Each structure stands twice: as structure tokens, then as C-alpha cells.
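Reviewing the structure listed below.
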Amino acid sequence: MNNFVELPVTKLEGNPFHMIGDEWMLITAEKEGKVNTMTASWGGFGIMWGKNAAFIAIRPQRYTREFVDFADTLSLSFYDNSLHKVLGYLGTASGRHEDKIAKSGLTVAHEDGIPYFAEAKTVLLCKKLFAQQFDENNFIEKETIESCYPNKDYHILYISEILKVLVKE
């Protein structure tokens, strides 16, 4: 079932603006034997504290946040456009109310104890390094508060070290 190969993080191919903004990604974590995931279209990659890092933002009310907060590790996975409808569903349905992973038809796999989906084309296995909720007082561009946070549900920023990159053969 596992037809992935590991690449050095520095060999990751793809435009991050396209990968995250257009193709979207699934943020996946495990808590007490249960896996949950959510679709995200905000985030980034870079270097932080001398480490290859991924930056993701999760609203506090999202059920997946509980899993990300509980776990030390998480995965970010990317898919081809044929699964865009599935990612749309996983971004709107809540695992709190239904088994959305089972309904999605995706297959949970694990690498080094970190959950991801076998249907992905690229997987980043990550270890959390930092988490902090956005604070209204720290916004320089105040219009962002009005346009993105009318309910004051400010994202929590997570910075994670990218431990391993898996790509579909």
C-alpha cells in the first residue's frame, strides 16, 4: 500500500503558493488512537530557528485543533486536483459530529507513528515547535481583523519542524 519514497526536505518540489493556496492541504493529527483532519489553504514553509519549518494556522473552534494540541506530531498532505471535492468536504464537515474520514473514502496510513493519507501525492511529517494564538493588538493592518475575523476567532499559529518528506512514486 505504501508507494511513497522519502526525499530530503531541501528536495521538496512545487510552488508553495500553489500547493497551499490552490491545491490546499490536509492537516492531520492523532489523539488517543483517533485520527482527525481538516483542509487548510493558509500557511507556509521556510526556515525557523535553523530548522526546515511549516507554518499553519487553525481557528480555535476547529475540532482538529484538539488533535494538533494533543499530539507532538502532525502531517501536512497534498493531493492532485481529482480529490479537490473530497478536500472541500473535509474542510466543511466536522469529525466531532461524524466519521468524516470514513465518509471521505481516504485511507489512513502511518509513518513513524504520524498519520497521513495513502492517497496523497506529497506528505510532510512534522514535529510541533511553537503555538500561539493571534492577538488583536498585534495586527498592524487592522482591516484584516474586519475582513478575516468578524467573530474574533483568531487563528492559532503553529510552527512545526518538517522531519520527513514523502512523495508518491
Carbon and sulfur %, accessible surface of the chain computed with the full protein complex present, 1.4 Å: 51
Per DSSP helix of 4 or more residues, -39500 (n - 2.57); summed, then divided by the residues of the chain. What does that give at 222 nm, rounded to the nearest 500? -5000 deg cm²/dmol
Connecting C-alpha atoms closer than 10 Å in a GNM of the chain, tell me which of Gly50, Gly113, Gly95 has the biggest fluctuation. Gly50
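Of all alpha-carbon pairs in the range 53-169, indicate the percentage at a distance above 26 angstrom.
Numbers: 1794 of 6786 pairs.
Tail fraction, whole percent: 26.
How large is the convex hull of the Cα atoms of the range 72-137 per residue, expressed in Å³ as a whole number? All intermediate terms of the calculation are to be shown ahead of the outcome.
Values: hull volume 9.1 nm³, N = 66.
It comes to 138 Å³ per residue, whole-number rounded.
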Taking the solvent-accessible surface of protein heavy atoms with a 1.4 Å probe, what is the per residue accessible area of the chain in Å²? 52
Scaled by the rule-of-thumb 2.2 N^0.38 Å, the alpha carbon Rg for the range 117-169 gives a ratio of 1.63
Note to self: C-alpha centroids of the range 120-169 and the range 85-118 sit apart, in Å, by 19
Viscosity 0.692 mPa s, temperature 37 °C: Stokes-Einstein D of the range 42-107 from its Kirkwood Cα radius, in µm² per second? 237
The local net charge around Ala29, scoring Lys/Arg +1 and Asp/Glu -1 for residues other than Ala29 whose Cβ lies under 12 Å from its Cβ, equals +1
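The values are calculated or read from the model by the stated rules, or taken from the named source; none is laboratory data. Predicted model only: the values in this text are computed from it and were never measured. Note: ideal-geometry Cβ built from the backbone for every residue, glycine included; neighbour counts use all protein chains shown. Surface accessibility is based on the protein's heavy atoms, side chains included, excluding ligands, DNA and RNA. Shrake-Rupley method; radii C 1.70, N 1.55, O 1.52, S 1.80 Å.
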